[in-house]
Every structure is written in structure tokens, then in C-alpha cells.
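K.L.:
Following this message is one structure expressed as C-alpha cells.
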Amino acid sequence: MMATQSTARNSFIVLQIGSGRFALSADAVVELSAPVRLHTFPHTFPAVVGVIVRRGRIVPVYDAASLLAGRSFSHHRFYVVARRRIGQASELGAMPVSGECELASGDMRPPAAGSPAYVRGVLPVGEESVPVLDFNTLINAYVSPEPGTAGEGASS
């Protein structure tokens, strides 16, 4: 099911990671990429599973499934490539997506009390309330977790 609306700020990409569905602002998403070769190499960032090459650029791939779904998944259908802010600069980052993606439009509601900082709000999609992720905050929480956060498990 795909909904459309003329206002880009209310457009979201809904994606499946594990058995959960999550949304990202369409403005942050650069592309949905078919699975391409994941290049792995020795590194010290447990959240980074490797890199992909997209349009001549090296894009780090973050294992957000560990944080969002509680475990990594070896099979995926797409990579969602999104823009991430680092200070005044931006870079691309990617996350593996387990299932179908769709474009949805609507008004985001505030997040539930106690939601993680990377959940900006919830988006009503049919009868479901889909968490809207802040890609930048999600990756920052996972790459450099604060004590007591779920990201600490990323180094195991």
C-alpha cells in the first residue's frame, strides 16, 4: 500500500528491520539499494559491519538491527542509504533492510513516554503506529553509546 501527499516534510519511507517496521523521513533517504557486495575489513567500530560502494562513494553500513530488533540478520533485501550529519558536514550511511519498503505520508505524532532518543515520533500507517527514526541520533547512539544504553551490547 502506498500513500501520497504533496508535502515532502510529511513523507516517510517505511521499512522492515527484522520483524519490526520503522520509518525514516523521506528527506533523509538518498536511495534504496539492492543488496550489493558488502566489503568487510578489520576495524574497531562494532556498529559498522562493513562498507558498500554506491555511485563511486564508500558508504559505511551500520548494523542497526542489533539495536532495533535485538539481533543481527544475515539476509536482507535492500540497503537504505540515508544522509547523516556530523557537525557541519554530512555523510552517507546505510542500514540493511529485511523486507518490503513503502512510501507513506501523514502527520507524525509525538513518541511514547520512555521511547529511545532516536525515536522522533510515531506515524499512523493503517491500524499500525510505526516508530519514526532519527537516523543521525540512531547511528550516534549506536556508534558511541552512553553508559546504560542498548548500544553497549554492540561490542559483544
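K.L.:
Look through ILE17, ILE52 and report the one residue that is at pLDDT 85 or above, under 29 Å from ARG109 (Cα atoms) and surrounded by 15 or more Cβ atoms within 10 Å (Cβ to Cβ).
P.N.:
It is ILE17.
K.L.:
Considering region 92-111 alone, what residues qualify as being within 21 Å of ASN140 (Cβ to Cβ), aliphatic (A, V, I, L, M) and surrounded by fewer than 20 Cβ atoms within 10 Å (Cβ to Cβ)?
P.N.:
Across region 92-111, the qualifying residues are LEU92, MET108.
K.L.:
State all residues of region 83-120 that are modelled with pLDDT of 90 or more and among the β-branched types (Val, Ile, Thr); if no residue qualifies, say none.
P.N.:
Scanning region 83-120 gives VAL97, VAL119.
K.L.:
Could you check ARG37 against (1) among the basic types (Lys, Arg); (2) closer than 14 Å to PRO96 by Cβ; (3) modelled with pLDDT of 90 or more and say which number it fails?
P.N.:
The failed condition is (3).
K.L.:
Would a scan of region 73-95 turn up a residue that is more than 17 Å from the chain's Cα centre (by Cα) and basic (Lys, Arg)?
P.N.:
Within region 73-95 (the criterion being more than 17 Å from the chain's Cα centre (by Cα) and basic (Lys, Arg)), the answer is no, since none of the residues qualifies.
K.L.:
From the list ALA82, ALA113, pick out the single residue that is in contact (Cβ under 8 Å) with a residue 40 or more places away in the chain and among the aliphatic types (A, V, I, L, M).
P.N.:
Checking each option against the conditions leaves just ALA82.
The values are calculated or read from the model by the stated rules, or taken from the named source; none is laboratory data. The structure presented is a predicted model; accordingly, all values stated were derived computationally and were not measured. Please note: Cβ atoms are built from the backbone with ideal geometry, for glycine as well, and neighbour counts cover all protein chains shown.
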